[in-house]
1. On average, how much accessible surface per residue is there in segment 166-231, in Å², for a 1.4 Å probe, leaving out ligands, DNA and RNA?
2. Helix check for the chain. Which DSSP H runs span at least 20 Å along their own axis by Cα, with a mean Kyte-Doolittle hydropathy no less than 0.0?
3. Cα extents of segment 240-312 along the three principal axes, largest first, in whole Å?
4. How do 167, 181, 103 stack up against each other in accessible area, from largest to smallest, with a 1.4 angstrom probe?
5. At residue 139 and residue 158, where each label point lies 7 Å from the Cα along Cα→Cβ, what is the point-to-point distance in nanometres?
6. How would segment 172-285 be classified by its alpha-carbon gyration tensor: rounded, prolate or oblate, with rounded meaning a/c under 1.5 and the a/b versus b/c comparison settling the rest?
7. Put a dot 7 Å past each Cα toward the Cβ at residue 290 and residue 51; how far apart are the dots in nm?
8. Could you calculate the FRET efficiency of residue 68 with residue 93 from 1/(1 + (r/R0)^6), where r is the beta carbon distance between them and R0 is 35 Å, rounded to 0.05?
Amino acid sequence: MFAVVGEALIDLVGSRGGRTFVAHPGGSPANVALGLGRLGNPVTLTTRLGTDAFGRLISGHLEASGVVVDGGPEPWGPTSLAIATLAAGVASYDFRLTWDVAELPPMPLETRCLHTGSLATVLEPGKAAVVDLIRREHERARVTVSYDPNVRPALLGSPERAQPEIERLVALSDVVKVSDEDLRWLYAGEPDEDVARRWLSSGPALVIVTRGGEGIFAVSRNVELRRPSVPVELVDTVGAGDSFTSGLLDGLRRADLVGGQRRQALADVDDATLRSILDEAAMVAAITCSRPGADPPTRAEVDVALAIPSAS
């Protein structure tokens, strides 16, 4: 089973300069949970949701794809919002949110992978509980810990201020996925492959850099891979990185590379296995980019796309 911890919110998506916005359920961790559910994985999402119309919209959206939602104890305030404006299909965000979770219990025995990141690991007061959970699960070594910084500069201050805490979480994780855009902000002028190798040396078994249309770079103990992106008629990029993460974790699970007892096997992953996992994760992201909002594909949709030679 997968456990995801982090924010669920409403993306109000509109064109730059426009006055009309469409409400899409979102939030990076929630999007990852949604993608995992649609790919056929048992998954729980621990988050904070209001009991308002937006909260009900998010819960219904996630539960329809098999996600078990723990929205936290009541009473809870209004459901959080992210105002996403699109220019040439690329989203920029303005946030209206609160993140507050109490102490989080250990992962259930059936959990094989814990994923978190994004706002849940940077916004007080809930950040402290999430970081403590990652630390405890790292020490217990029973689950694979997956982390995506999903950097939001407007909420982080300066790169110099953000680096130590992000690097601490990288060192506590087994799988790290990060975008080249995030790394350009964190380490201006430093090649993303150099950062990925440095992060790998701090503790993770696998570090992956997504580069949008320029493809993917992945590094583990024995393997370095550069894979192309999947050509797609772009609608927007909302949720693309989260869909990639869902596809990545699903692929690692199907290759029997998640769970504390499989960490050594994950660190020793071979070229062919990792190549297959990355290519399928890229397909999951590409399908998401071909339609509006964070709307990841089902297992059946991915299988169909992979069976078309021109899509591969």
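The values are calculated or read from the model by the stated rules, or taken from the named source; none is laboratory data. All values reported here derive from a predicted model rather than from experimental measurement. Cβ: placed from backbone, ideal geometry, glycine included. Neighbour counts: every protein chain shown. These accessible areas exclude ligands, DNA and RNA; they are computed on the full protein's heavy atoms, side chains included. Shrake-Rupley method; radii C 1.70, N 1.55, O 1.52, S 1.80 Å.
1. On the way: 2720 Å² over 66 residues.
Using a 1.4 Å probe on heavy atoms only, each residue of segment 166-231 averages 41 Å².
2. Working: long enough: 126-140 (22 Å, -0.75); 240-254 (21 Å, -0.23); 271-289 (27 Å, 0.89).
Those that pass (Cα extent of 20 Å or more, hydropathy at least 0.0) are 271-289.
3. 38, 26, 17
4. Values: 167 65, 181 125, 103 155 Å².
Largest to smallest exposure gives the sequence 103, 181, 167.
5. For the pair residue 139/residue 158, the computed spacing is 3.3 nm.
6. On the way: a/c = 1.80, a/b = 1.17, b/c = 1.54.
Verdict is oblate for segment 172-285.
7. Between residue 51 and residue 290, the simple spin-label model gives 4.2 nm.
8. 0.85
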